1. Here are B:L387, B:L405: which of them is within 28 Å of B:D327 (Cβ to Cβ) and modelled with pLDDT of 95 or more?
2. Looking only at residues that are open to solvent by 10 Å² or more (accessible area, probe 1.4 Å) and among the aliphatic types (A, V, I, L, M) in the range A:454-495, which one is nearest to A:V201 (Cα to Cα)?
3. Restricting to the range B:129-151, what's the tally of residues that are surrounded by 15 or more Cβ atoms within 10 Å (Cβ to Cβ) and farther than 15 Å from B:I74 by Cβ?
4. If B:Q566 satisfies all but one of (1) open to solvent by 10 Å² or more (accessible area, probe 1.4 Å); (2) part of a helix (DSSP H, G or I); (3) within 14 Å of chain A (Cβ to nearest Cβ), what's the number of the condition it fails?
5. Anything in the range A:620-639 that is among the acidic types (D, E) and out of contact with any helix residue (DSSP H, G or I) (no Cβ under 7 Å at 6 or more places or on another chain)? List them, or say none.
6. Quick one: would you say B:G160 is assigned to a loop (DSSP other than H, G, I, E, B) and either at positive phi or surrounded by 18 or more Cβ atoms within 10 Å (Cβ to Cβ) (or both)?
7. Quick test of your reading of the structure: B:K245 fulfils all but one of (1) surrounded by 18 or more Cβ atoms within 10 Å (Cβ to Cβ); (2) more than 28 Å from the chain's Cα centre (by Cα). Name the failing condition by number.
8. Give the number of residues within the range A:531-543 that are under 25 Å from B:E482 (Cβ atoms), within 7 Å of chain B (Cβ to nearest Cβ) and of a type outside the set (S, T, N, Q).
2 protein chains.
Amino acid sequence: MKKPLEMQTDKRTLNMFTMKKRLLINLLLVNVLMITTSAPLPAQNGTTKMMGPPELNLMPVPASFQLQTGRLPITNNFQVGVANFSDDRLRRGIARMMSRLSGRTVLSFAPDLAADSNTATLLIQCENAGDAVPTLTENENYSLEVTDKQAKLTAPTVVGALRGLETFLQLLQGDRDGFYLPAIKIQDQPRFPWRGLLIDVGRHYEPMEVLKRNLNAMAAVKLNVLHWHLTEDQGFRVESKKLPKLHTLGSDGLFYTQEQVREIIAYAQDRGIRVMPEFDIPGHSTSWLVGHPEVGSAPGPYKIERGAGIFEPALDPTREQTYKLLDTFLGEMADLFPDAYMHIGGDENEGKQWDRNQAIQAFMKEKGFKDNHALQAYFNQRVLKILQKHHKKMIGWDEILHADLPKDAVIQSWRGPASLADAARKGYDGILSNGYYIDLIFPASQHYAADPLPRDTTLTAEEARHVLGGEATMWGEWVSPETIDSRIWPRTAAIAERLWSPPNVTEVADMYRRLAVISLQLEELGLTHKKNQDMMLRRLVRSDDIAPLRTLVSVIEPVKEYRRYQVRPQTMLSPLTGVVDAATPDSDAARKLSQMVDAFLADAPRFLVYREEISRTFEDWQASAVTLDARIDQSPALKEIKPLAKNLLGLGATGLESVAHLKMISPATAEWREMRLAGLDEAAKPSGALEFAVIPSLRKLVIAAAEVHRLEVMNPAEWNKQVSTLASPQKK
Amino acid sequence: MKKPLEMQTDKRTLNMFTMKKRLLINLLLVNVLMITTSAPLPAQNGTTKMMGPPELNLMPVPASFQLQTGRLPITNNFQVGVANFSDDRLRRGIARMMSRLSGRTVLSFAPDLAADSNTATLLIQCENAGDAVPTLTENENYSLEVTDKQAKLTAPTVVGALRGLETFLQLLQGDRDGFYLPAIKIQDQPRFPWRGLLIDVGRHYEPMEVLKRNLNAMAAVKLNVLHWHLTEDQGFRVESKKLPKLHTLGSDGLFYTQEQVREIIAYAQDRGIRVMPEFDIPGHSTSWLVGHPEVGSAPGPYKIERGAGIFEPALDPTREQTYKLLDTFLGEMADLFPDAYMHIGGDENEGKQWDRNQAIQAFMKEKGFKDNHALQAYFNQRVLKILQKHHKKMIGWDEILHADLPKDAVIQSWRGPASLADAARKGYDGILSNGYYIDLIFPASQHYAADPLPRDTTLTAEEARHVLGGEATMWGEWVSPETIDSRIWPRTAAIAERLWSPPNVTEVADMYRRLAVISLQLEELGLTHKKNQDMMLRRLVRSDDIAPLRTLVSVIEPVKEYRRYQVRPQTMLSPLTGVVDAATPDSDAARKLSQMVDAFLADAPRFLVYREEISRTFEDWQASAVTLDARIDQSPALKEIKPLAKNLLGLGATGLESVAHLKMISPATAEWREMRLAGLDEAAKPSGALEFAVIPSLRKLVIAAAEVHRLEVMNPAEWNKQVSTLASPQKK
């Protein structure tokens, strides 16, 4: 696994050149994106405010669109017609779309295609099948025009049509008069051709249906590469008929048969998604060596790794036997996987086994390699020849970049845009994963800010073309089939938008508004990111009455980066059923509270806006904390969150006290302020690898409560700025 | 599909003879079952009351058990040891149990078996593997003794051990001191050897994972037969390599490959579950005739049936070609399915095609058959010979019973216990399905009351031995992969208990208490009966804010019996995503309200017990109804429940008014009473194939409100009886 450097979130200037080259930006876009942040907040009665013209819920936002007047009703008479080219893949795509449309609307449609193009509700015109096997150069463009008579989807390829069908479904609206699509003209194409999701099935195996439903979700947000990370220290997950000891001894019996691999490839292909396998070498290879210790750099025997981290085992790059095994295995895989690229990992080999192996040291001396990097470069060159023999292009992590690398190799960067730009300047294609490490539990907004081609890039247009896109990485240390969806979704939809939509689509509040809608729609595809949480809470509480625990879980998040393993050690065999597993990244409740608190403080000195809602939230925390505390005594699996339940009570009290001070315009004392801030610092400490996501909002309230007189005279914007400055952790 | 006669719910006298033969009833049982009905009710703070010694949550209740003093702690040191016999099936069963135990407790266990039997937390001693293929005569007995040192599971076969492992998991408890099992001695064996679940995949196809998770659930409640209803008018779901037109033309591409069939059989076998296929002939056979119209009784062509009901197409029993095809197909299936029995349906052939076919009429005349029943008997005799040739025993619905049927055939009764008893007297084995039709949306209590061997049976002991057990039937007209679990579970666990536990285990309130616990545990096996409801509501509302709709859905149920299709016609291609699909049978909220109302009225003339909770319930109905009404206008898929939302408001008002009258001991007028009762009659009418499950409770309250003075002087029991009598619909 790659450790990304710090995420780059600084503001960037617009690179007009790149923009012009890749996009047709429609001016109307700006209007649609200028939704106020208060709109998606819950109104007093718990429903969502609805006002004005229909809000579009498209994600990713198309390259260009214009809303028109009118609407196309969706009724039981809905029919799809196909003009020009059509094939089985298109027909299956239409059938899937109709099933989802029918499911959402509870309308029954005739299953057959319209005989007459003119009477079809949706007419699809495409020109050809597209690439037999999805490729990097696949044409994914489409245009969609909806009038009050008909929707017309035009695309050069079936893949473009499939992308358009997802947009069609996202356009569905409903009101008193029934379901409809707003009249609109859309011209769409991706900004980047490589938009991927890495799923690591090495550390934890994921069953077929997990992969399938995630492919469904990828297609829904127009991602087009499944990067299937198939081998790791902790598991060798693909059947090799030629070297069966690899999977039989390296997988605990949890591997994909070749037939299953073909099933996934066909399933992905049906959705216009490439499947690129990764076989990580020479490091990350313990599971290979269980069956084949003879190609290891230490004598062995080896056992499947159960821990998390970076481990020593590495293939021996000095033996011909190693390359013979790789030739056999990679050749077999080259036949199995039709994608043009094969990922060889190449990362995080620390070379400790190499350092200790005298034969390897002698080999290096003989060859004149001055360090392990040179030895690994030699290894990569040998592997490259094997891939070339089997007609595959090489892709690997930053570490594979060295002088002899051919120009058709691709660099996947965990190091960041600078590393990617460096590769691009040298003429190498690259994709960005730094910034898209979804296993690190950062909020969607942070991933959304990461751009493979930042506005301040200094690449020339020519160089910039080497930046092919990016991939979200779902590393598998702490995910199970029950939890993986909630670690991938909905945040990955924001990354998908970054990789598809114009670079100026950056409005965070509107992204979150649309993300909530898309998140619901993903459920119809079988995704479990929402529904499994309550199930897990029920199991923990051993009761249907999960409301108090849910209140707590809604305002906490798993600890970020790689701290989980440090504060709550586990192995790959440990259960992933704790509160930390039920909790999700990017707390909606914390974000809403933050927005409400900002609006409340900006309403100084009246302090009326959201006061009721905020107070009720804090009261709910207090009531939940009390109930929960009793419940924890009956549910030993909850013991680790006892400190959190206690802190929730305190946070509620702190919040209510702050609101009371502000409401009365009666400043809190400095002593109170210091005591409460110290309490917040204490509450900010993780328990059970979980931490509160609401501390910044409470900090603001406490500061404001103490400074209410001083701040009273300012205008709201200045007021808010002052409080935020005072409340930021550095200033405390 | 079979239409069951009216369910038999009359009281029965204990058949001591049968009891003595089959059971060892432990006297302690009675104590455990005598739980008061108020215990499982929600207390004021929303948590479940806990008091006294640990309540056991075993389901099915074992044949005999004795609670002991002490407890066996479950910690990270938990280990399983195996003495005497062990095989891969047992080891896989242990691994599954440990994974679930680990998941529930969030404890990490060492994966290996204990090297030393003495230090094992759970020691399993079994004698042999049991039958290579699960059979009707499989020994499923086990005994389990838990002390504060060790749990010891003893069983003659691995299947018995698997049953015991489920009991072991159900014994898990937790409190302030951690997880533990109470000390206990259990001796257990099934009352009936045939305990099945029929899943109809003909009308709606169900993916592999649906079958697998339902097999998991079956094993959890000790069911042992999956009756796989594979062919129907609406679909032919199994691959035939010899007659491929059957599945390719008869299934819309939705069928199980033979490899998948073997996968299901192996999965079931791992759990000690038989897989018995059904190929329904000569009726229910439209899908056969799409590919093979030449064996139909009318010339065709045939199309896959899309409607629900009984259809005319039937195989032609007069042609040798028909038997040749059946010999080929059933022979192929006999090789594929190892179970000793093959189900040939035989039901609901109305013979209309036969009546209209002159050749068939001539054949009947020639053979001297005086009616279609005689012709079908001839057909069955021919099919029987085919099955015998392929070494299978025949099983079919009541209709197959005729004079020439061999004594090793089995009758599956949709007609009822009388029909079953009739067969038993004639010397035929039989299983009961009447009373277990879970597709009819009756409450668990009703199924629980149905007994294959009722207490008032007049069968001799010899005859009674022919009653082998029963099967719940999940007919597939209105179930999808999203909803099927909620139609099967948790109610089928009550049926499983009826078929396993001693006949005197009949306490309904305790059954429901345990059913709620088991229902939660089924979720850990992947069952979606609970979690899919919220998901479906979110899709309908297109929002996360489903509370108001959930309030409504919690007190309504789909209409019973076969009324759904009458009031809300659909085809097999229609979406199953409406409110009627999200709603579930056997409303918990209605049952709780009923219990609270009874306790409230029994508290006359104070009317304090549950008054707060009842009033809050009605207030919640009113608030939800108002919010929901607005929401319906934005969600066209909810339009069909607009009348229900309106009625929910009225029901809340009626309830609150009644409570007010009772609280003040101020009787309502006769006019008010008549108006409110008329309103309840109106509200009782279905909308969207849904109906309120709370009308009887409201009726009671209204009557009581009007009669409060007259009833005031009675004692609580008499009072309650009077009100109930007055409130029953017949008396209104």
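The values are calculated or read from the model by the stated rules, or taken from the named source; none is laboratory data. Because the structure is a prediction, the values reported are computed rather than measured. So basically every Cβ, Gly included, is an ideal-geometry build from the backbone, and we count neighbours across all protein chains shown. The protein model used for the area step is the full one, side chains on, heavy atoms only, and it has no ligands, DNA or RNA in it. Shrake-Rupley method; radii C 1.70, N 1.55, O 1.52, S 1.80 Å.
1. When all the criteria are applied, what remains is B:L387.
2. A:L468
3. Looking only at that region, the number is 13.
4. Unmet for B:Q566, out of (1) open to solvent by 10 Å² or more (accessible area, probe 1.4 Å); (2) part of a helix (DSSP H, G or I); (3) within 14 Å of chain A (Cβ to nearest Cβ): (3).
5. A:D633
6. no
7. (1)
8. Here the count works out to 5.
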